[in-house]
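Below: one structure, written as structure tokens.
The values are calculated or read from the model by the stated rules, or taken from the named source; none is laboratory data. This structure is a prediction, so every number in the text was calculated from the model and none was measured. Note that each Cβ is placed from the backbone with ideal geometry, even for glycine, and that neighbours are counted across all protein chains shown. Accessible surface is based on the protein model in full, side chains and every heavy atom, while ligands, DNA and RNA are left aside. Shrake-Rupley method; radii C 1.70, N 1.55, O 1.52, S 1.80 Å.
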Amino acid sequence: MSEAVAKQSTEHTDAFKNPSLSWMIGFLFVVSFLGLFSVVPLRKVMIVDFKLTYPSGTATAHLINSFHTPAGAKLAKKQVKVLGKFFSFSFLWGVFQWFYTAGDGCGFASFPSLGLKAYENQFFFDFSATYVGVGMICPYIINVSVLLGGILSWGLMWPLIDTKKGDWYPADLKASSLHGLQGYKVFIAIALILGDGLYNFFKVLSRTLAALFFQLRVRKATSNLPVADRSSPESSKISYDEQQRTRLFLKDQIPTWFSIAGYVAIAAISTATLPHIFHELKWYYILVIYIFAPALAFCNAYGCGLTDWSLASTYGKLAIFVIGAWAGASYGGVLAGLAACGVMMNIVSTASDLSQDFKTGYLTLSSPRSMFVSQLIGTAMGCVISPSVFWLFFKAFKDLGTTGSQYPAPYATVYRNMAILGVEGFSALPKNCLYLCYGFFGAAILINLIKDALGKKWARFIPNPMAMAIPFYIGSYFAIDMCLGSLILFIWEKIDKVKADAFGPAVASGLICGDGIWTLPSSILALAGVKPPICMKFLSRGTNSKVDAFLGS
């Protein structure tokens, strides 16, 4: 929504709302709690009756339980020690790099490690400890997919489309214009993201409805849908441990009337408040969202329990197109669509997160009421902390969200251009871009179909379309860092798989956290006007000769 992102396209540049700490905190407070209240009445259905797995929540529970064994406690101490070592290394590496970044394009992050021509096409290693750590955590196929996407786009497609300048699009357009090369970069990436997202959405939705139908048929003997206040039928096949978990899980009841009343009350406050924050988002748009949101939140939470996928971003894109098209370009459809996306994503993502935590609490014998209260407290803290951290970045880095900057925020531009596409339709696309979008949209669906048809054994070798789409817009420099992280982990596993499995996540977390924590003092230094003392740049031989000649004269 910011002016910096709006100026990167030539369409609807006047439709922006710059971040402000006050309205961001207010917005989060009136929308972030709705998802929590929406799934509470059916928590017993999903955890006890339907026994959804919630893989991430289950894995977290097993990890927590393992800490309470002698061997687990000993391993945890070693993991913390390793994390501390790499945290310190990453933090100090960030400090060291800072001294060489006195100007634009300075420092190790601008080192043309693969040559100047490759650097121009976004192929270089930028010495980021964060991305190396991310590469150690992400599956190999995700890292390879990102690299493939970078090669396909910046290595092949964009140079070829650039040769069509003057034919497919005017040669005198600004680099940021969506009617030029930028349009191909953005909308083809959107086509890939939408193709992959919609395929997985309908796959998870169909599995959700099929599983739900099956579960309800099995429970046909009961006339009512079981909710938190009603008892489950006893089964002699349930183990003693399961009986104990179920007893404790149902002991601290969260009344259904409380959750329904909470949802209605917050929805009413939100419906009255949001139009004052976003004038383009009318109260009846919000009311429609809140009518359908509980069903979508349940679908997302249920689907997450089956597949471990939260499709919050897909529901957000749906809100962008529906509300944006409803409002129209002349009535602030771009901002209305983006604001609706934020509302919808908040509701469905917090619903799946709470369900994951309920599963963790169920397996660790934690009180569900305590889990819910903790979520409320944590959400309230997040409503203040998250905007504050973002505000610090926004004030410290004036080029935040700008392409080519340290923090380009690529999805900000992608989502904004989705909103533009929603209100303008296909008229926003340059020549032949629509056909390319159709092709990549279909390719994303086809890749997923092939992946599902091959089964788990071979599917791990099929690239992920969503991951391939990310470098289409910002380049593949981070893909090289991530692939290096994958290579380090791969070699480590070949040498000692047991240690790699035990300490790999700790090493990766240390690299990510150390580099991330350094951004806080660097932001404070930037706000205080303290600049690095050195600018380290890399020039071609010809440019260097010209510089020498100029200095000699």
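Structure values in brief
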{"quantity": "In region 266-296, the residues that are under 21 Å from Ile193 (Cα atoms) and small (Gly, Ala, Ser)", "calculated": "none"}
{"quantity": "Residue check, Asn432 buried (at least 21 other Cβ atoms within 10 Å of the Cβ) and of a type outside the set (A, V, I, L, M, F, W, C)", "calculated": "no"}
{"quantity": "Filter result for Phe89 (aromatic (Phe, Trp, Tyr), more than 30 Å from Asn544 (Cα to Cα) and more than 23 Å from the chain's Cα centre (by Cα))", "calculated": "yes"}
{"quantity": "Sole residue being over 19 Å from Gly337 (Cα atoms) and open to solvent by 60 Å² or more (accessible area, probe 1.4 Å), chosen from Ser38, Ser22, Ser66", "calculated": "Ser22"}
{"quantity": "Residue selected from region 463-512 under the condition touching a Leu at 6+ places or on another chain (Cβ under 7 Å) and outside any helix (DSSP H, G or I), by the criterion surrounded by the most Cβ atoms within 10 Å (Cβ to Cβ)", "calculated": "Ser476"}
{"quantity": "Unmet criterion (only one of (1) open to solvent by 20 Å² or more (accessible area, probe 1.4 Å); (2) modelled with pLDDT of 85 or more; (3) touching a Gly at 6+ places or on another chain (Cβ under 6 Å); (4) within 24 Å of Ala191 (Cβ to Cβ)) for Phe321", "calculated": "(2)"}
{"quantity": "Enumeration of residues in region 170-200 that are surrounded by fewer than 22 Cβ atoms within 10 Å (Cβ to Cβ) and over 17 Å from Ala469 (Cα atoms)", "calculated": "Pro170, Ala171, Asp172, Leu173, Lys174, Ala175, Ser176, Ser177, His179"}
{"quantity": "Region 285-344, residues that are of a type in the set (S, T, N, Q) and assigned to a helix (DSSP H, G or I)", "calculated": "Asn300, Thr307, Ser313, Thr314, Ser330"}
{"quantity": "Subset of region 61-85 [under 30 Å from the mean Cα position of the chain (by Cα), over 18 Å from Glu242 (Cα atoms) and β-branched (Val, Ile, Thr)]", "calculated": "Val80, Val82"}
{"quantity": "Helices (runs of 4 or more DSSP H) within region 97-207 that include 3 or more residues at pLDDT 85 or above and either within 30 Å of Asp452 (Cβ to Cβ) or in contact with an Asp or Glu (Cβ under 6 Å, 6 or more places away or on another chain) (or both)", "calculated": "129-137, 140-150"}
